[in-house]
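S.K.: One structure is given below, represented as structure tokens, and several questions about it will come after.
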Amino acid sequence: MNRPRPFCRFAIAMIPATLMFGLSAVMAETPPATPPGATAPAAEAPPATPTPPGTTTPATPVPPPAEVQTPKNPTAEAPKPPVTAPVQTADPFGEEHTLAPKTVLTLRNNATWENAFETLIDSFKSLAAVLDKQGIKPAGNMMIVYTSTDDNGFSFLAEIPVDQEIRDLPKNVSMGKSPEGKALKFVHRGSYDNMDNTYEAITNTLDDKKLEAKDTFIEEYKTDPLKTEEDNLIIDVYVPLK
């Protein structure tokens, strides 16, 4: 309900003087407004409450770090087992073999036992020079075919397989065919000087099997005798059978 205006004027006139005096004091203590552009002074922080002796201030709890997880690579392969070196088996010795004839460049020569290997190497060099002069590459490994032997030395054919006919050859060089037919295969590793031990083992093998060989032996040099150290030679020996 709205009061009439005379009642309002009467209420104002009845305000005690002391109340008006207190209001004036409060207004006097109120700080003046900060003028434009001025910075208001920072309010003072309330004093910290002292911690009673013997009391430990509880530390602010720190959330535990999130567990770091390494993302899985879906393309990663499972660990492979260690690689085991293949077991090296012994070279075949006395293995049955069928020789196929090859077209060969041939040099016929003789040698003594004292200079046997040097003579073989010289013969191979002569054949290689013929091929190099005509720009022809060998089609197989160098070979020696023993045609006869005695106490002083032996006769032999030095052969290099080729895949074409060669003309204009030196007098001591010709074209021919390598031996063919059934034979036994043996392997020699090492220098030519140790071939005696290999041929002795070959003879024992033929005796044990009661086999008779033809009067010839074929040596195929699996390593290039012109580039390989003599102690590292690998030679397949073929013994044609009757």
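S.K.: Would you be able to tell me the number of residues in the range 103-145 that are of a type outside the set (Phe, Trp, Tyr) and either without any contact (Cβ under 8 Å) to a residue 12 or more places away in the chain or not in a strand (DSSP E or B) (or both)?
M.R.: Final tally of qualifying residues: 27.
S.K.: Picking from ASP196, ASP163, which residue would you name as being among the acidic types (Asp, Glu) and either under 19 Å from ASN115 (Cα atoms) or touching an Asp or Glu at 6+ places or on another chain (Cβ under 6 Å) (or both)?
M.R.: So the residue among ASP196, ASP163 that is among the acidic types (Asp, Glu) and either under 19 Å from ASN115 (Cα atoms) or touching an Asp or Glu at 6+ places or on another chain (Cβ under 6 Å) (or both) is ASP196.
Bear in mind these aren't lab numbers, they're just calculated from the coordinates by the rules spelled out. None of the values given here were measured: they were computed from a predicted structure. Note that each Cβ is placed from the backbone with ideal geometry, even for glycine, and that neighbours are counted across all protein chains shown.
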